[in-house]
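A quick write-up on the structure given underneath.
None of the figures in this text is laboratory data; all of them are computed from the coordinates on show. Small disclaimer: the values here were computed from a predicted structure and weren't measured. Here the Cβ is made from the backbone with ideal geometry for all residues, glycine too, and neighbour counts use every protein chain on show.
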Amino acid sequence: METETEGGGFAIHPMDQFVIRPLFSDGPIQWYTVTNVTLWLALAVLCVAVLMVFGTRRRAMVPTRSQSVAELAYGMIHNMVEEVTGPEGVKYFPYVMTLFLFILFANLLGLVPASFTTTSHVAVTATLALMVFVGVTILGFVRKGPGFLKMFWVEAAPLPVRPVLAIIELISYFVRPVSHSIRLAGNLMAGHAVIKVFAGFATMAVLSPVAIGAVTVIYGLETLVAVVQAYVFTILTCVYLRDAVADNHH
């Protein structure tokens, strides 16, 4: 959003695109208020349903475009889960698959002009990361009991060093949801803010050609970032899941 200044110039406000606004009123936002975040989160869920349910409803030997995309995503994530977590982790593939597709579509929908990038908000990404963290922790104790705590005890290290390493490992474990969520939100927010800045410069006749070219390049890069960040979030989920299902800590 650009606004004119008192001197006749203009000011660019790249962070205005991340402001949460109610859709049907001008009052304060409550927990039940339908906002732009609610809308675009719902659209991301709808896109997942359209691709995986309606896109594969008429499965054929010669797949349609939607069926090909769905099968490609299915095969890629299934192989990732199996390779990272092992055979024991494959039963949790549906959750990992759903997580990947939701983040992917949320990221890509944020690139639509006049849209809202839900995954640029830490509140959204932190919720996703905490779901993974809490779920993996509960699963680890359910499957291994107190033996799950062995992952913090580095048996390969000398005995006097093990308590120190255990504290470091414990801190590292609880920092997981923080890094897991901020990585995704930070990358999306930074990229969209840069696009907004160059789009503001595109309104100036002198800088317009350069700014439009820069926006085009950055937009293409952000499309790649949207896919890569969804993949990174998912593969980290698989890495954390491996701690709960692998047998190397028994």
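Compute the distance in nm between two label points, each set 7 Å from the Cα along the Cα-to-Cβ direction, one at ALA49 and one at VAL90.
3.0 nm
Within the stretch 5-110, report the chymotrypsin sites (Phe, Trp or Tyr not before Pro) that DSSP leaves as loop and that have at most 16 other Cβ atoms within 10 Å.
The qualifying sites are PHE24, TRP31, TYR32.
May I ask you to derive the FRET efficiency for THR33 and ASP247 from their Cβ-Cβ distance with R0 = 45 Å, giving the value to the nearest 0.05?
Once rounded, the FRET efficiency stands at 0.45.
So between VAL175 and SER25, what do we pick up on full extension, going 0.36 nm a residue minus the alpha carbon distance?
Separation in residues times 0.36 nm, less the Cα-Cα distance, equals 50.2 nm.
Expressed as a rounded percentage, what relative contact order does the chain have, with Cα pairs under 8 Å and six or more residues apart? Don't jump to the answer; show the numbers that get you there.
Numbers: 265 pairs, mean separation 64.6, N = 250.
This gives 26 percent for the chain.
Among ARG57, ARG183, rank each residue by its count of other Cβ atoms within 10 Å, from fewest to most, as a rough exposure measure. List each step's numbers first, then the result.
Values: ARG57 9, ARG183 16.
Ordered by Cβ neighbours within 10 Å, fewest first: ARG57, ARG183.
Tally Lys/Arg at +1 and Asp/Glu at -1 over every other residue whose Cβ is under 15 Å from the Cβ of ARG57; what's the total?
The answer is +2.
Pairing the Cα long axis of helix 36-49 with the longest principal axis of the chain, what angle in degrees results, from 0 to 90 and rounded to the nearest 10?
60 degrees
Pulled fully out, how much extra length does the chain show between VAL164 and LEU221, if you take 0.36 nm times their separation in residues and subtract their Cα-Cα distance?
Full extension of this stretch gives 16.3 nm more.
So if each residue of separation counts as 0.36 nm, and I subtract the Cα-Cα distance between VAL154 and ALA114, what length gain in nm does that give?
Value of the extension gain: 9.4 nm.
Could you work out the local net charge near LEU128, counting Lys and Arg as +1, Asp and Glu as -1, over the other residues with Cβ closer than 15 Å to its Cβ?
Surrounding charge for LEU128 is +2.
To test your reading of the geometry: what angle, between 0 and 90 degrees and rounded to tens, separates the Cα axis of helix 162-201 from the longest principal axis of the chain?
Between the helix axis and the principal axis of the chain, the angle is about 20 degrees.
Mind giving me the FRET efficiency for ILE182 and MET61? R0 is 41 Å, r the Cβ-Cβ distance, nearest 0.05 is fine.
Computed FRET efficiency for ILE182 and MET61 comes out at 0.35.
Can you compute the helix-only [θ] at 222 nm over the chain? Use -39500 (n - 2.57) per DSSP H run of at least 4 residues, normalise by all residues, nearest 500 deg cm²/dmol.
Helices in the chain give a 222 nm mean residue ellipticity of -21500 deg cm²/dmol.
For each of VAL164, VAL225, count neighbouring Cβ atoms within 10 Å of the residue's Cβ, then give the residues from fewest to most.
So the ranking, lowest neighbour count to highest, is VAL164, VAL225.
Between SER208 and TYR74, what is the FRET efficiency for a Förster distance of 51 Å, r being their Cβ-Cβ separation, to the nearest 0.05?
0.70
Could you list VAL194, VAL62, VAL134 in order of exposure, starting from the residue whose Cβ has the fewest other Cβ atoms within 10 Å?
Lowest count first: VAL62, VAL134, VAL194.
Compute the long axis of helix 208-245 from its Cα atoms, compare it with the longest principal axis of the Cα atoms of the chain, and write down the angle in degrees, 0 to 90, nearest 10.
20 degrees
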